[in-house]
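J.: Could you have a look at this structure, given as structure tokens, before my questions?
The values are calculated or read from the model by the stated rules, or taken from the named source; none is laboratory data. From a predicted model like this one, the values you see are computed outputs, not experimental measurements. Note: ideal-geometry Cβ built from the backbone for every residue, glycine included; neighbour counts use all protein chains shown.
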Amino acid sequence: MSTIATDRIEKKIQLRHPRSKVWRALTDAQEFGNWFGAVFTEPFKPGVSVRGKVTHKGYEHMTMDVTIERMEPERLFSWRWHPGAAEPGETFSDEPSTLVIFELQEVPGGTLLTVVESGFDQIPLARRAKAFRENDEGWAMQMKAIEEHLGKSS
Amino acid sequence: MAAKSGAFMGSAPIFAALGDETRLRLVARLCSGGPQSIARLTAGSEVTRQAVTKHLLVLADAGLVRGVRQGRESRWALKPEQLEVARRYLELISERWTERLEALERHLESMPETKARTRKRRRKPA
């Protein structure tokens, strides 16, 4: 949370799993969709644009479009996209995209995964503002779910 | 996600201010068209002048816009501290990646370890 730069985000996570397994979870369209929260019907290949149907509860009407850039087995996987899902009929294609790069590094006991997303400075302010709104709605939904849950358990 | 909302406590006024379609549109218009009068901001929309003024005041409260008097007319502009929005935006994206990577970790835990690298596909547990 201490990032000062406004153009990029970098995250690292150490996973207790072999690189081959992490690679599969990232690049197998079905496996990727499983944890990312979208259903893809086409396999990931460099240069290919794929569309996924968002599966997060409450966002099922939205899609995510990803253009795969590089796939260097068990080392690097990158794609471009427009951060945030699209509403039906909404198009981002004329807006700048951000670049997401996953890098895998073998470390004792597993894999160090680094994800960098960059290019945010080019994203129009209005689009960023919309992300806040989506997030706000997301929270409202979460709060409602918690309330319902608490209501049930009391 | 809700448990982590504490990280965004400081953003609450911005979230609230932007959590409205009309205000979002006003920000977009100020963003693309530069400083402008209420009359211009109201033109072509079904929202009344009074309503636009109210929305601008909410945005001003959140520190997103400011009114500048120019002669008899007041013009509204996005504040240069838009950077704040950019910063919060990045925090939001950053938080999403944290959630996604946690989801990836859970996914990996749920997948069986494969011996060597057989190309056999395994069915995912439901």
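J.: Quick check on residue A:37: is it at pLDDT below 95, of a type in the set (Gly, Ala, Ser) and out of contact with any Ser or Thr (no Cβ under 7 Å at 6 or more places or on another chain)?
T.: Criteria not met by residue A:37.
J.: Same structure again: Checking the structure you have, find out if any residue of the range A:84-106 is more than 17 Å from the chain's Cα centre (by Cα), modelled with pLDDT under 95, in a helix (DSSP H, G or I) and over 26 Å from residue B:106 (Cα atoms).
T.: no
J.: hydroxyl-bearing (Ser, Thr, Tyr), in a loop (DSSP other than H, G, I, E, B), closer than 21 Å to residue B:98 by Cα and more than 8 Å from every other protein chain (Cβ to nearest Cβ) - does that describe any residue in the range A:27-46? First the steps, then the outcome.
T.: We begin by selecting, within the range A:27-46, every residue hydroxyl-bearing (Ser, Thr, Tyr); these are A:27, A:41.
Filter once more, keeping what is in a loop (DSSP other than H, G, I, E, B): A:41.
Still in the list and also closer than 21 Å to residue B:98 by Cα: none.
Scanning the range A:27-46 turns up no residue that is hydroxyl-bearing (Ser, Thr, Tyr), in a loop (DSSP other than H, G, I, E, B), closer than 21 Å to residue B:98 by Cα and more than 8 Å from every other protein chain (Cβ to nearest Cβ).
J.: In the range A:49-59, is there at least one residue being in a loop (DSSP other than H, G, I, E, B), within 16 Å of residue A:127 (Cα to Cα) and out of contact with any Cys (no Cβ under 8 Å at 6 or more places or on another chain)?
T.: no
J.: Take the range A:21-50 and flag every residue that is surrounded by fewer than 17 Cβ atoms within 10 Å (Cβ to Cβ) and either under 24 Å from residue A:72 (Cβ atoms) or not assigned by TED's automatic domain parsing to the domain that holds residue A:80 (or both).
T.: Within the range A:21-50, A:28, A:30, A:42, A:43, A:45, A:46, A:47, A:48, A:49 meet the criteria.
J.: Checking residue A:67 against (1) away from chain B (no Cβ under 12 Å); (2) buried (at least 18 other Cβ atoms within 10 Å of the Cβ): exactly one of these is not met. Which one?
T.: For residue A:67, the failing item is (2).
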